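Worksheet for the structure shown next.
Each reported figure results from applying straightforward, stated rules to the coordinates on display, with no laboratory input. This is a predicted model, so every value here is computed, not measured. Cβ coordinates were reconstructed from backbone atoms using ideal geometry, including for glycine residues, and neighbour counts include every protein chain displayed.
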Amino acid sequence: MAEPALPASTSRHTAVAAAPLRQAGGILHSWDLSTGVDGPGTRFVAFLDGCPLRCLYCHNPDTWHMRDGRRTPADEVVGEAAKYVEFIHAAGGGATISGGEPLLQPGFAGELLHRFRHELGLHTALDTSGFLGARASDELLADTDLVLLDIKSWDRALYRHLTRQDPAPTLDFARRLADLGKEVWVRFVLVPGLTDAVGNVEGVAAFAASLGNVTRVDVLPFHKLGTAKWRALGQEFTLADTPVPTHEQTAAARAVFATHGLHVV
């Protein structure tokens with residue numbers, strides 16, 4: 001399947017914006033401990049507020065706006081993570097910066113990644129849509145051991161329908177990560193009637209396989225766990241009547257990725 005054409009103004013590798021200084025504070029939504037979801041092992045996960053995408057299936061719409069978060073010093077976040085360092089190391093885990101979209105606050109994200117890695121000795125991961133990948137400085141990526149990259153659709157029109165944005169920046173960021181040899185886990189949400197078309201799955205799979213740095217693909221079945229959050233925000237969850245994928249549908253999508261030689265979970 002042909003790659004969607006990039007806008008005329010977009011080169012193969014979008015120029016990286018001037019690297020922002022690491023910022024000693026930012027807007028935090030929350031933090032949590034998770035296992036097997038946000039990277040390898042047990043992770044300390046910091047969720048930053050703000051996101052430029054409006055995904056129809058978003059399960060954290062409460063992270064869209066920075067105004068809804070809390071201005072938090074990096075010292076506080078690192079201090080919380082430090083409490084669990086021994087446990088995290090024993091569980092083969094690390095720390096993940098997520099959101100929202102963490103690259104909306106690249107200075108804060110970079111500060112946390114740097115300190116998690118160099119002060120606490122933790123494996124670091126960045127969970128991103130890649131849409132703001134041009135904001136990720138080389139320094140920030142040097143402090144990132146793993147990128148969890150959401151590729152939401154291969155079909156350009158569908159990507160815009162799902163997110164209100166264009167896929168080109170994400171694909172461009174993916175290529176940059178490949179050139180850097182940065183390990184990537186691709187994430188793909190399977191939504192019946194939207195992202196599950198064979199051609200769409202095949203397109204994402206072929207692209208991921210072409211990069212050479214994708215060590216894992218997570219095919220994530222669509223769910224409705226965020227429905228109450230949409231209602232609480234006075235927003236209509238337009239996928240309320242969309243069925244969750246069956247086991248057979250999920251297995252079929254995973255098989256497409258596996259056919260391209262990718263490790264799929």
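Amide H contacts of S30: F47, each under 5 Å away and 5 or more positions distant or on a separate chain (H built 1.01 Å from N in the peptide plane; Pro and chain starts excluded).
Nearest 5 percent is fine: what portion of the DSSP beta bridges confined to the stretch 25-259 is antiparallel? Restricted to the stretch 25-259, the bridges split so that about 30 percent are antiparallel. Ignoring lysines fewer than eight residues from K182 along the same chain, the ones with Cα atoms less than 29 angstrom from its Cα are K83, K152. All Cα-Cα separations within the stretch 28-115 were binned at 5 Å from zero, giving a P(r) of 3, 15, 25, 24, 19, 10, 4, 1, each value a whole percent of the pairs. Ordering 153-159, 48-54 by mean Cβ neighbour count within 10 Å, with the highest value first, yields 48-54, 153-159. Taking every C-alpha pair closer than 8 Å and separated by at least 6 residues, the mean separation divided by the residue count of the stretch 25-259 gives a relative contact order of 18 percent. Among I97, I88, a tally of other beta-carbon atoms within 10 Å of each Cβ gives an order, fewest to most, of I88, I97.
Annotation: peptides 61-70, 122-131, 249-258, ranked by per-residue average of other Cβ atoms within 10 Å with the highest first, follow the order 122-131, 249-258, 61-70. Seen against the Cα atoms of the chain and their longest principal axis, helix 247-259 is set at about 80 degrees. Can you tell which of L171, L112, P52 lies farthest toward the positive end of the dipole of the chain, using +1 and -1 charges on the Cβ of basic and acidic side chains (Lys, Arg; Asp, Glu)? Value: P52. Near V264, the amide H atoms lying under 5 Å from its own belong to V217; only residues 5 or more places off or on other chains count, and H is placed 1.01 Å from N. Once the gyration tensor of the Cα atoms in the stretch 25-259 is diagonalised, the equivalent ellipsoid follows with semi-axes of 27, 21, 17 Å, ordered largest first.
Across the stretch 202-265, the fraction of Cα-Cα pairs farther apart than 16 Å, rounded to a whole number, is 56%. Using alpha carbons only, how many degrees (0 to 90, rounded to 10) separate the axis of helix 198-211 from the longest principal axis of the chain? Rounded to the nearest ten degrees, it is 50. Ignoring solvent entirely, what values of log10 I(q)/I(0) come out of the Debye formula for the stretch 96-185 at 0.21, 0.22 Å⁻¹ when each Cα is a single scatterer? The Cα Debye sum returns log10 ratios of -0.96, -1.04.
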